[in-house]
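This report concerns only the one structure given below.
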Amino acid sequence: MARDSGAQCKQCRREGTKLFLKGERCLTDKCGVERRNYPPGDHGRGRARQSEYRLQLREKQKARRYYGVLEKQFRNYYDKASRQSGVTGENLLRMLESRFDNVLVRLGFAASRRQARQMIRHGHWRVNGRRVNIPSYQLRTDDVITMKPSAPVEPVVRDATELTSVVPAWLQADHDGLTAKVLRLPERSEITTPVQEQLIVELYSK
């Protein structure tokens with residue numbers, strides 16, 4: 001499985017905002033953005049030249065890193081979103097939000113997307129009773145998520161649930177039974193990803 005193995009805190013610093021790539025650590029003073037609020041590298045503290053293309057590129061990179069998606073994967077998501085009816089930017093975010101690894105984070109069953117991907121790849125979760133080990137699996141309305149019986153990661157999942165206070169309205173979670181259901185696909189107003197999707201659409205439309 002291809003994945004980005006780069007330093008996660010540097011990714012947040014590059015985008016100038018917390019992408020919550022390390023789970024609980026991002027909520028503490030050890031967060032890279034809190035400690036060094038400037039881009040990494042020798043010229044991180046220099047004045048960056050602003051341009052329309054730079055703003056669009058940074059927004060695309062921010063979204064890609066937030067969801068842990070590689071460049072080719074992200075482009076494929078955009079191509080699919082552009083072929084669907086409706087607003088392309090909203091379609092793109094909706095598809096990214098519906099990824100299996102992201103949904104586990106939204107439900108509070110994982111502290112980070114990297115942790116969620118690892119649990120999925122190891123076969124600890126099921127969708128509608130069937131084992132799914134693909135982190136990018138697209139969940140649909142009425143899909144039921146359950147943990148494999150006697151999974152060894154149960155203590156880790158229960159620790160992650162303690163960090164979650166609110167579950168999005170489009171999802172339903174039972175933190176005691178470690179089960180969940182997708183009630184519907186999310187509306188744009190329910191997606192809290194810190195990106196301006198229109199800039200991404202403008203970048204790919206060139």
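Every read-out reported here was derived from the displayed coordinates using simple, explicitly stated rules and does not represent laboratory data. Because the structure is a prediction, the values reported are computed rather than measured. Glycine gets a Cβ as well: all are built from the backbone with ideal geometry, and neighbour counts include every protein chain shown.
Below, the figures for the structure above:
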| quantity | calculated |
| --- | --- |
| Fewest-first ranking of TRP125, TRP170, using other Cβ atoms within 10 Å as the exposure measure | TRP170, TRP125 |
| Inter-probe distance in nm under a simple model that places probes 7 Å from Cα toward Cβ, at SER165 and GLN138 | 3.4 |
| About the Cα centre, charge dipole magnitude for segment 102-183 (Lys/Arg +1, Asp/Glu -1 at Cβ), debye | 440 |
| Calculated P(r) of segment 137-181 - Cα pairs past 14 Å, % | 55 |
| Anisotropy class of segment 99-185 from Cα gyration tensor, a/c 1.5 cut | rounded |
| Modelled label reach - GLN84, point 7 Å along Cα→Cβ, segment 170-188 residues with backbone N closer than 14 Å | 184-188 |
| Estimated FRET transfer efficiency (ARG49, LYS206; beta-carbon r; R0 22 Å; 0.05) | 0.70 |
| Positive-pole candidate from VAL132, ALA110, SER150, dipole of segment 99-185, charges at beta carbon | VAL132 |
| Relative packing of peptides 171-177, 59-65, 150-156, 77-83 - highest average C-beta neighbours within 10 Å first | 59-65, 77-83, 171-177, 150-156 |
